[in-house]
1. Which count do you get for residues in the stretch 128-155 that are in a loop (DSSP other than H, G, I, E, B) and open to solvent by less than 10 Å² (accessible area, probe 1.4 Å)?
2. Regarding ALA205, is this residue under 28 Å from ILE288 (Cα atoms) and either of a type outside the set (D, E, K, R) or open to solvent by less than 10 Å² (accessible area, probe 1.4 Å) (or both)?
3. Tell me, yes or no, whether the stretch 43-50 has at least one residue that is over 25 Å from MET250 (Cα atoms) and touching a strand residue (DSSP E or B) at 6+ places or on another chain (Cβ under 7 Å).
4. For GLY160, all conditions in the list (1) under 14 Å from the mean Cα position of the chain (by Cα); (2) open to solvent by 40 Å² or more (accessible area, probe 1.4 Å); (3) of a type in the set (Gly, Ala, Ser) hold save one; what is the number of the exception?
5. Output the residues belonging to the stretch 316-331 that are surrounded by fewer than 18 Cβ atoms within 10 Å (Cβ to Cβ) and touching a residue at least 60 places away in the same chain (Cβ under 8 Å).
6. So which pairs qualify, if the first residue must be in the stretch 174-196 and within 24 Å of GLU146 (Cβ to Cβ), the second must be among the polar types (S, T, N, Q) and surrounded by 19 or more Cβ atoms within 10 Å (Cβ to Cβ), the Cβ gap must be under 7 Å, and the two must be at least 6 apart or on different chains?
7. Consider only pairs whose beta carbons are under 7 Å apart and that are at least six residues apart or on different chains; among these, list those whose first residue lies in the stretch 149-165 and is farther than 13 Å from MET186 by Cα and whose second residue is open to solvent by 10 Å² or more (accessible area, probe 1.4 Å) and acidic (Asp, Glu).
8. Can you tell me which residues in the stretch 28-62 are open to solvent by less than 40 Å² (accessible area, probe 1.4 Å), farther than 16 Å from LEU105 by Cα and part of a strand (DSSP E or B)?
Amino acid sequence: MSDQMKRIVLASRPDGAPTADNFRLEEGPVPTPGDGEVLVRVKYMSLDPYMRGRMDDAKSYAAPVPVGGTMEGGSVGEVIASNSPDFKPGDHAFGMLGWATHGVLPANQLRKVDPDQVSITTSLGVLGMPGFTGWQGLMEYGRPKEGETLVVAAATGPVGSMVGQIAKSHGLRVVGIAGGADKCAMAKDHFGFDECIDHRAYDDAKSLRAALKDACPKGIDIYFENVGGKVLEAVIPMMNPHGRIPICGMIAWYNAGGLGAGAAEEALTAPKLWRTILVNFLSVNGFIISNHWNNFPKFLKEVAPKVADGTIAVKEDITEGLENAPQAFMDLLTGGNQGKAIVKVG
């Protein structure tokens, strides 16, 4: 076992979109597990949009990463030392180990992963936090009904693709929105969406809405919100009475330097938005997946067999090398990934 570990730390807080200067690669000794702790050699780590928020020193539902601290993130790897009866060397485990080659956590903060069932990388995406987010938000707050129409943006990402596939299994018409013709083709051919619209082909919310009207002739019953920006502005006027909007993110605004920046000229003002919610009796539910972990075993029981037998399709975008994580993360924030963004660490 190497006695050195590598990690990516937050070198400085970004002003707008992150740059390479906001990250720093450091090397140091491999940590030693204490009582009840487990040492994991990381094989793969996840890249997710929420990490952008952790780079800001702003009030949120979770504390920011301190300057000089290891970038936060979920990882999966092999146990190489354990002071807990729950894990032994050779086991595979998932935990919030950060952007690093090694990590130590208490055993009760790790989840055992069986590499003989499905690829361990699925614990970072389709069978991890992103997939669970899509399933939980759709089933609890979307309340899908056969024959309805659902729209979800970032359609080929791990959240959007889960939302779309679960909705299809419940008999809904599923329309995705994605960035680029290749991603739209993937949404239809790989994930089974009925239609997919390339938002990059439309300059503003009004023109995007015209395309949505063709794809959603009966209006929109469920809009799974994970993007914001012009997609939100295009969708809201098309919501049917008693429509539902689960909200788990707004990636279009994460780098804007101020919530709402970058909105289209046809601004979705607070009065217009509030009135639409009122007169169409919309249910709008924000949720943070960390408040729902009690449902995770139910999610795994329902979804894991479908992943194993191919009923639920998976798409992963794997970058080689911890040192390339910052660039892969910056690409993720601008839609440069094709599927779940993962870094192969070791």
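1. Qualifying residue count for the region: 2.
2. Judged against the criteria, ALA205 is a match.
3. yes
4. (2)
5. Hits for the stretch 316-331 are ILE318, GLU323, GLN327.
6. If the second residue must be among the polar types (S, T, N, Q) and surrounded by 19 or more Cβ atoms within 10 Å (Cβ to Cβ), the pairs left are VAL175/THR149; ALA187/THR156; PHE191/THR156; PHE191/SER161; PHE191/GLN165; GLY192/GLN165.
7. Cβ pairs passing all conditions: THR149/ASP221; LEU150/ASP221.
8. GLY28, SER46
The values are calculated or read from the model by the stated rules, or taken from the named source; none is laboratory data. Keep in mind that this is a model prediction, so the values were computed, not measured. FYI the Cβ positions are ideal-geometry reconstructions off the backbone, even for glycines, and counts take in every protein chain you see. We work out accessible area using only protein heavy atoms, side chains counted, and drop any ligands, DNA or RNA first. Shrake-Rupley method; radii C 1.70, N 1.55, O 1.52, S 1.80 Å.
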